[in-house]
Amino acid sequence: MRRHSQGPRRAALSELGSLLPLAMIGLLIANDHVFKFVFHNALTGKLSDVAICFIMPLLVSASLGLAARIDLRWRLWAGAVVTAIVFSALEMSDWAGGWFVRMVALVFGVKHTVLTRDPTDLLALACVPLAVAYGRWRARDARRDVDVDVDVGLRWPRVRGALALATGSLALMATTAPEQCGKWSAPTVFQVDGDCGTGGIIVVEADPYGALAVTNQAALLAPEPDGANLGREQRYRGTSCPYTLEQGDWDITIGDCSTPVVSPDAGAAPIDGGAPDASRLLDAGSSNTSSCQAGYRQCQATVETDGLWFTCHGADPGVALCRSRLAVLP
């Protein structure tokens, strides 16, 4: 038999290299990035909580085991405490929730994010002691294998453990932003009249994250030119929950347009000591608008004095490209 001074650290990595942690990580990724958007029901809201409360103690424990020779029991319970504190703080603390919302806005660019809280989410903390028990059971097997033969007994468990550590950490950091609204919002039917599209009847529906789906969109907005490859973002920007689509506060953006920046040398050299050259300022402003993609449009649904209007602007936000009136149908 061979014994190695690095055996406990290698065993710590192999604790993650079994089927259950990998399955939980797969569940977290699939639920956050597929199931929530397809089903967006109560079950998908709980699955990620269960997976997080099981995976996070094991990830923290394995990381501590790799960093230092810390007793198995202490690092598993350290992972349990960290998980319980972080998870509970996000569910119960306004300060922690505000910090999380700011981080989501910074990292994901999500505006008007509302952190919804459900006291029943705390039931997922029951998975924390289960993770500790599983970690102790798995670590005993891993430690026994490393005492017998590191290369044979732990080669593949270590590889799987490294994969679990990397993907699990990324899954926790790249989880979806919190829902804007946890209450179901009914689809809204509109009669469209105007010059932004062909006109007719459309149905607008928003998922819990504020992303819109528009049925018969050609009635609302003219299609992109053939061959155009423009991105499209459709979101509800209001703060009502459930969403009040009939009150506007939603928009559709097609293409991309960077923020105009005045050229640093525009008007820097006055003519004969007088005012800056107006033609140079005009040229500078014109060149800045060229940063917008051809076909760029930003369209907003807004309540005005005579009803709900859908207005599109191009690179110049002061010039309306088209306007359509939206009337809610029963």
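The values are calculated or read from the model by the stated rules, or taken from the named source; none is laboratory data. Treat the numbers as computed from the prediction; the structure is a model and nothing was measured. Neighbour counts run over all protein chains shown; Cβ positions are idealised from the backbone, glycine included.
A few notes on this one:
- In segment 32-42, the residues that are farther than 21 Å from ALA84 by Cα and in a helix (DSSP H, G or I): HIS33, VAL34, PHE35, LYS36, PHE37, VAL38, ALA42
Rundown of residues vs (1) at pLDDT 80 or above; (2) crowded, with 17+ Cβ neighbours inside 10 Å; (3) assigned by TED's automatic domain parsing to the domain that holds VAL159; (4) polar (S, T, N, Q), yes/no style:
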{"site": "LEU20", "(1), (2), (3), (4)": "yes, no, yes, no"}
{"site": "ALA23", "(1), (2), (3), (4)": "yes, no, yes, no"}
{"site": "ILE29", "(1), (2), (3), (4)": "yes, yes, yes, no"}
{"site": "VAL50", "(1), (2), (3), (4)": "yes, yes, yes, no"}
{"site": "ILE55", "(1), (2), (3), (4)": "yes, yes, yes, no"}
{"site": "TRP77", "(1), (2), (3), (4)": "yes, yes, yes, no"}
{"site": "PHE87", "(1), (2), (3), (4)": "yes, yes, yes, no"}
{"site": "GLU91", "(1), (2), (3), (4)": "no, yes, yes, no"}
{"site": "TRP95", "(1), (2), (3), (4)": "no, no, yes, no"}
